[in-house]
Amino acid sequence: QVQLVESGGGLVQAGGSLRLSCAASGRTFSGYVMAWFRQAPGKEREFVASISGFGRYTYYADSVKGRFSISRDNRESTLYVQMNSLKPEDTGVYYCAVRMGTRATMEADRNMDYWGKGTLVTVSS
């Protein structure tokens, strides 16, 4: 019944931008940590960004700092990530996830409680 659905992925040229969305349904995740992860083919899933339950605090992987911005709209039950200055190494399947905790941190995928199915982002050189 709980569902996270990502959207907004696609093909973009290096230097371009994409905005990914993750719509939650089945229950409210207001007050809980949400995060984005990504996985390139043949590589482990890695942390991208996280946001605290009401959007006050955010955390980013070093590789995306200054380029990505995570946000959430709890009234719409939606998580976002604005991705600017995209690089080919940003290519991968992007997943949203929820951890039923109160404070965000640099999240580990093993600690997340709910996952979406992912949306593919391809950045061409």
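Annotation: Gly16 fulfils all but one of (1) open to solvent by 10 Å² or more (accessible area, probe 1.4 Å); (2) of a type outside the set (Lys, Arg); (3) in contact with a strand residue (DSSP E or B) (Cβ under 7 Å, 6 or more places away or on another chain); the unmet one is (3).
Before we move on, is Arg110 under 20 Å from Gln3 (Cα atoms) and open to solvent by 40 Å² or more (accessible area, probe 1.4 Å)? Judged against the criteria, Arg110 is a match. Residues considered: Glu76, Glu107. Of these, the only one that is under 13 Å from the mean Cα position of the chain (by Cα) and in a loop (DSSP other than H, G, I, E, B) is Glu107.
Yes/no per residue for (1) within 19 Å of Arg56 (Cβ to Cβ); (2) in contact with an Asp or Glu (Cβ under 7 Å, 6 or more places away or on another chain); (3) of a type outside the set (Val, Ile, Thr); (4) at pLDDT 95 or above:
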{"site": "Ile70", "(1), (2), (3), (4)": "yes, no, no, yes"}
{"site": "Asn74", "(1), (2), (3), (4)": "yes, no, yes, no"}
{"site": "Ser77", "(1), (2), (3), (4)": "yes, no, yes, no"}
{"site": "Val81", "(1), (2), (3), (4)": "yes, no, no, yes"}
{"site": "Asn84", "(1), (2), (3), (4)": "no, no, yes, yes"}
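Looking across Val64, Val93, Val81, one residue alone is buried (at least 20 other Cβ atoms within 10 Å of the Cβ) and part of a strand (DSSP E or B). It is Val81.
The values are calculated or read from the model by the stated rules, or taken from the named source; none is laboratory data. Because the structure is predicted, anything quoted here is derived from the model rather than measured. Glycine also receives a Cβ, built like all others from the backbone with ideal geometry; neighbour counts cover every protein chain displayed. These area figures cover heavy atoms from the full protein model, side chains too; ligands, DNA and RNA do not enter into them. Shrake-Rupley method; radii C 1.70, N 1.55, O 1.52, S 1.80 Å.
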